[in-house]
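Chemist: Before anything else, here's the structure in question.
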Amino acid sequence: MIAVRTLSKRHGDRVVLEGVSADVARGETIAVVGPSGGGKSTLLRCLNYLEPFDAGTVEIAGVTLRPGMDGRDRETLRKLRCAVGMVFQQFNLFPHLTAIENITLAPRLVRGLAAVEATRRGAALLERVGLADRAGAYPHELSGGQQQRVAIARALAQEPEVMLFDEPTSALDPEMRDDVMEVIRDLAGGGMTMLVVTHEMHFAHDVASRVWVIDRGTIVEDGSPQQVVDAPQSAVAREFFARLRRTTT
């Protein structure tokens, strides 16, 4: 489903990603962890081409990405946006639209879905994320956790083959965080291919099929949760998980 080959990205003179290569099979859930500033979020943004990269290639959900893509590649990027959903730390909902309107906007405009059908599917997605009774609510009338669940439903409305989550619970309090993680667990159980940048140790250990530890722009460890979380081999991973254990006990 995803094949990354020698992906590199710079911000000026600073190397953000350096020669990243990895494969993700259909249905896998990858927990992407590591110290802040290591390149985790940039990697996800490159996979969805929200940030261009300098070298390497990405094949994701049947779409090939390469350096230097621009307006001439509009159709490729349109296919990418339909095939790959992304959920950010901040919810990024349109404040002037209700929950159901936020969810149905892209299917109507991008896929040309009729309003009635888009609304039917949107209502089903709101029910899936536990917000069936909040379809007419505006973002300011929703809690942070509810807004994030609407954002997940909005991404799912495009019927993506891959979902990317960039620290989706980092701005939430513990109760709201649990509600959002439950939705992501449900997606994992349903076989959705996902990359989740997270500091949620329980998710990395109990839900993810693999864990990537990223530091200084490279994947320093890649393996099962039992290999990476329980018996990390690199000093970076050992320190990272030790610090998480201290903060959660």
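Chemist: Out of THR64, THR57, THR76, I need the residue that is free of Cβ contacts under 8 Å to residues at least 40 places away in the same chain, part of a strand (DSSP E or B) and out of contact with any Asp or Glu (no Cβ under 7 Å at 6 or more places or on another chain). Which one? Break it down into steps so the answer makes sense when it comes.
Modeler: On the way: THR57 fails: free of Cβ contacts under 8 Å to residues at least 40 places away in the same chain; THR76 fails: part of a strand (DSSP E or B).
Step by step, each of THR64, THR57, THR76 is checked, and only THR64 is free of Cβ contacts under 8 Å to residues at least 40 places away in the same chain, part of a strand (DSSP E or B) and out of contact with any Asp or Glu (no Cβ under 7 Å at 6 or more places or on another chain).
Chemist: Hey, can you tell me all the residues within the range 198-231 that are farther than 17 Å from VAL24 by Cβ, of a type in the set (Asp, Glu) and surrounded by 18 or more Cβ atoms within 10 Å (Cβ to Cβ)?
Modeler: Answer for the range 198-231, where residues must be farther than 17 Å from VAL24 by Cβ, of a type in the set (Asp, Glu) and surrounded by 18 or more Cβ atoms within 10 Å (Cβ to Cβ): GLU200, ASP215.
Chemist: Let me ask something additional. List every residue pair whose Cβ atoms lie under 6 Å apart, where the two residues are 6 or more positions apart in sequence or sit on different chains, the first residue falls within the range 232-247 and is over 10 Å from MET201 (Cβ atoms), and the second residue, located anywhere, is of a type in the set (D, E, K, R) and part of a helix (DSSP H, G or I).
Modeler: PRO232/ARG238
Chemist: Taking the range 222-240, which residues are over 13 Å from ALA208 (Cβ atoms) and either assigned to a loop (DSSP other than H, G, I, E, B) or touching a strand residue (DSSP E or B) at 6+ places or on another chain (Cβ under 8 Å) (or both)? If you could, list the steps in order and put the result at the bottom.
Modeler: Of the range 222-240, the ones over 13 Å from ALA208 (Cβ atoms) are 231-240.
Correct list: ALA231, PRO232, GLN233, SER234, VAL236, ALA237, PHE240.
Chemist: Let me ask something else about it. For ALA188, indicate whether it is surrounded by fewer than 23 Cβ atoms within 10 Å (Cβ to Cβ) and either without any contact (Cβ under 8 Å) to a residue 12 or more places away in the chain or in contact with a helix residue (DSSP H, G or I) (Cβ under 6 Å, 6 or more places away or on another chain) (or both).
Modeler: Numbers: surrounded by fewer than 23 Cβ atoms within 10 Å (Cβ to Cβ): yes; either without any contact (Cβ under 8 Å) to a residue 12 or more places away in the chain or in contact with a helix residue (DSSP H, G or I) (Cβ under 6 Å, 6 or more places away or on another chain) (or both): no.
For ALA188, the condition - surrounded by fewer than 23 Cβ atoms within 10 Å (Cβ to Cβ) and either without any contact (Cβ under 8 Å) to a residue 12 or more places away in the chain or in contact with a helix residue (DSSP H, G or I) (Cβ under 6 Å, 6 or more places away or on another chain) (or both) - is not met.
Chemist: Within the range 75-96, how many residues are under 18 Å from TYR138 (Cβ atoms) and buried (at least 16 other Cβ atoms within 10 Å of the Cβ)? Reasoning before the result, please.
Modeler: Taking the range 75-96 as the starting set, the residues that turn out to be under 18 Å from TYR138 (Cβ atoms) are 90-96.
Still in the list and also buried (at least 16 other Cβ atoms within 10 Å of the Cβ): 91, 93.
Count: 2.
Chemist: Just give me the residues in the range 132-180 being in a helix (DSSP H, G or I), surrounded by fewer than 19 Cβ atoms within 10 Å (Cβ to Cβ) and within 16 Å of the chain's Cα centre (by Cα), in sequence order.
Modeler: ARG177
Chemist: If you don't mind, there's one more thing I want to ask. Hey, can you tell me all the residues within the range 60-74 that are more than 18 Å from the chain's Cα centre (by Cα), under 15 Å from LEU50 (Cβ atoms) and surrounded by 13 or more Cβ atoms within 10 Å (Cβ to Cβ)?
Modeler: Selection gives PRO67, MET69, ASP73.
Every number here is computed from the coordinates shown, using simple stated rules; none is lab data. Everything numeric in this text was worked out from a predicted model, so none of it was measured. All Cβ positions, even for glycine, are placed from backbone atoms using ideal geometry, and neighbour counts span all protein chains on display.
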